[in-house]
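The values are calculated or read from the model by the stated rules, or taken from the named source; none is laboratory data. The model shown is predicted, which means the values in this text are computed figures rather than measured ones. Neighbour counts are summed over all protein chains in view; Cβ atoms, including those assigned to glycine, are modelled from backbone coordinates with ideal geometry.
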Amino acid sequence: MRALERRSSGAAASGPTAARCPAHRLCRGRTRLGWRLGGHTASSPQAELTSPTPVVEATARAAAPTWRSTVDEEAVLPLYTCLDGDILTPANKFAYYEALRSGLKALRALGINGISVDVYWGIVEGAAPMEYDWSSYKQLFALIRDEGFMAQVCLCFHGTEAVPLPAWVLEAGRANPDIYFTDRAGVRNTHCISLGVDEVPALDGRSALGCYRDLMMSFRSELEPLLGSTIVDVCVGLGPDGELKYPAHPHDRRWNFPGIGEFQCYDKYMLSGLRACSHQVSQPSWGLGGPHDAGAYTVWPHQTGFFNQYGNWSSPYGKFFLQWYSDMLMQHADSVLGIAKDVLLPPAAGSSGGGGLSFNGSSTGGIGLSSSSSSSSSRPGFYGNGYGSGNGIWRGSAAAASEPPRLRLHAKLPGVHWWYNTSSRAPELTAGYYNTTSRDGYLPIMEVLSRHGISVRLRSAELRSADIAPQQACCDPERQLAQQRTVAAALLVPVGLENAHERFDESALARLEASLFDTSVHEGIELPQVQSLVFNRMCDSMFEPGNWSRFKEFVRRVRNRADTLVVPAWRWRGGPGASMDGMPTPLTVELPMGGEPPQQQQVSTGSGSSVAAAAAAAAAAMAAGNGNGNGAGAESGAVPAVAPAGGAGALQLV
C-alpha cells in the first residue's frame, strides 16, 4: 500500500517507518487522503521510513493524556480500533510511522483502550520456511505500548492483494495448484490455503496445520515479554479476512454484491474427502463434485435450480453435500483453535482438566461430558467422549484455583446477511454455514468455541436492512446478528462486535451503539452484554473533520453508557482455568445415562427451541461439573446426555 509521511511546519518528518473424510469427526485499494492530526497533515509519498528500534520489554504502559483522568484497562466495554492493513509493507518495513504515532495519540486522547493489529503470515515467514522475522511487529507493539494502549493481535493465515501469502507457499502452489481453494470453473484462490491440506504435507514438507502451529509457537516465543501485559487478546485466523468461512465471495471481479457466490471444494484434496463420504453413505455418485445447478458468483438464488425456494438444497443429495461442506469448515476450526489453545494458553503446572465440557454427546443427542487426569493429553475430539482430553470449560478444583489465562482468544465469524430472508440463504451456504430457515447453522461453531473456551467476534454490527440496496436482496443483518448472539448466549460464549465497513455517518454509528448495548430477549434467551468493540478502522477518512467529530461523540456516548453498566457477579473466562464463579443456579435438567458416541454427527435444528435446549443442557452440565469438580467420564463408559424433547425444534443427532 501507499506510504504516508507526516509533514510538519518545522522540519521534515523522521521516524520508523491428504484429504480424509470428516465423518469420523466432525483488500481493497484506498483513497489518497491526508491525515489531519493536531494541526499536521500526513501526505502519502511512495517512500518507506525507518526508525530506531524500540525496546520490547514488559514495562508499565506510558502515561498518556486522555479526556478522562484514566481509561480502565479492564473496562466493562473495552474499545479497540483496527490499524490499516498497509501499516507494514510486504518487505516487512513501516510504510508510515510518524502519521501512525500521531493517530495513536489522538485515539488515546479520545479514550480508546486498545489497538487491533493484523499479523500476516506473508510478512513474518515470507522469505523462507521456518525463518520468522518479527522485527517490525516488535517495533509496532512497542509503539502501541508506549502510547498507553492494550494490543489485540489477529493472526492472519491468509493473503491479500497488498500482502500475499509467503513466497515459498506461492512457489509450492505453482508446483501443486490444488493447495488453493478452487471453484467449479477451476479458478484458484491464491490468497487462501484449502482446508483439504490441513493434514497433508504439501507445504515444503509440512501440513497447513503444522505451519500454523509453528507460526504460533514463534509468536509466543518472540513476543513473550509483551504477552499478557501489552498483548492481551489474540484473534485466531480461520480463513479469508481472518474469518471462519470459505472464500465464496472473493474480493475480485468474479463476485459482486448481492451475488450468492460459489462453492469452493474443487481442489483434489476436498474432492477426495467428498468421495470418501459419499461411499460411506452408499451414494458414490454424490461424491463427483458440488451441485451442478448452483449457479455462478453473481446470480441470485431464484435464478438457480439448487437455491430457489423449492430447490435441490432440501433434497437428500443437497442435505448430504451441505452437511459435508459445513462439517469440513467446522473440523478446520476445531483443529486450528485446538492448536491455538495448546500453544498460546498452556495449562498451569500441575493443573487438571477434569470435567471438560463437550457439546456433542451420546447417540441420544445433547450434551456430553468428559473427564481426564491431564489436560495436556490429546486435543479434544469432536464428539462428547473428547478422547479423554478434558478440554473445554473446566470445572475441576484445580481449575478453580488456577490463575486466569494470560491471554484471551477469540475467533471471527462473517456477516453474510444478504438473501437472509429467503428459504435457502444461499450466500451463507456457499460460505460454509448450513443455516436455513429450518436449521441453525451457527450452533456447531458455537459448540466448538464453547468447548475450547474461546470467545467470538461478530461483524456487521453497524448495518441496517433499510440502508442496504437493492432491497430485493432480502438483506437482514439485524436478524442475523441476533441469531448469532442468541446461539452464543445459549452456549455461554462471550461476544465482541465489529463494524463491517469504514463508516462514520450518524446512522451507522447509532446502529453500532444500539448493538453494543442490546440485551433484549430472543427465542427466550436474554442476550448478555457485549464484551468489547473493535472499530474498523483507523483510516484516512477517520480524521476528516466531520467524521472525527462524529466518531468522537460516538466514543463519548459509548463510554458514558458503559460506565453505568452493572457488572454481573460472575464472569465467564475461556481457556484453561475457565470458571463461572458466582453464576446463578441454572435450570435443573435431568441427565439420563448411557449410549455410545455416534459415528457421524449431523445436527438438525428447527425453531429457536433447539437453541433453548442447548442453553439448558449447557447450564445443567455446568451444574454437574460444579458439584465435585468432575463431570461424568466418557472413559468410564458413562456419557450423560440431554435427551431431545422431540418435535420440529428439538436438537437431534442423526
Inset, instruction - Could you tell me which numbered condition V200 fails, if it satisfies all but one of (1) farther than 30 Å from H292 by Cβ; (2) part of a loop (DSSP other than H, G, I, E, B); (3) among the hydrophobic types (A, V, I, L, M, F, W, C)? - result: (1)
Legend entry - segment 215-244 - residue that is assigned to a loop (DSSP other than H, G, I, E, B) and out of contact with any strand residue (DSSP E or B) (no Cβ under 8 Å at 6 or more places or on another chain) and, of those, farthest from L140 (Cα to Cα): G228
Inset, instruction - Go through segment 266-283 and give me each residue that's in contact with a helix residue (DSSP H, G or I) (Cβ under 6 Å, 6 or more places away or on another chain) and not aliphatic (A, V, I, L, M). - result: D267, K268, Y269, R275, C277, S278, Q280
Inset, instruction - Give the residue that is surrounded by the fewest Cβ atoms within 10 Å (Cβ to Cβ), with candidates limited to residues of segment 224-270 that are modelled with pLDDT under 95 and over 30 Å from R145 (Cα atoms). - result: R253
Inset, instruction - Give the number of residues within segment 532-544 that are part of a loop (DSSP other than H, G, I, E, B) and at pLDDT 95 or above. - result: 1
Inset, instruction - Specify the residue that is surrounded by the most Cβ atoms within 10 Å (Cβ to Cβ); the eligible residues are those in segment 186-214 that are in contact with a strand residue (DSSP E or B) (Cβ under 7 Å, 6 or more places away or on another chain) and closer than 14 Å to I339 by Cβ. - result: A208
Inset, instruction - Scan segment 131-147 for residues that are within 13 Å of F219 (Cα to Cα), assigned to a helix (DSSP H, G or I) and hydrophobic (A, V, I, L, M, F, W, C) and jot them down. - result: F141
Legend entry - Checking S102 against (1) hydroxyl-bearing (S, T, Y); (2) within 18 Å of F543 (Cα to Cα); (3) outside any helix (DSSP H, G or I), the condition it does not meet: (3)
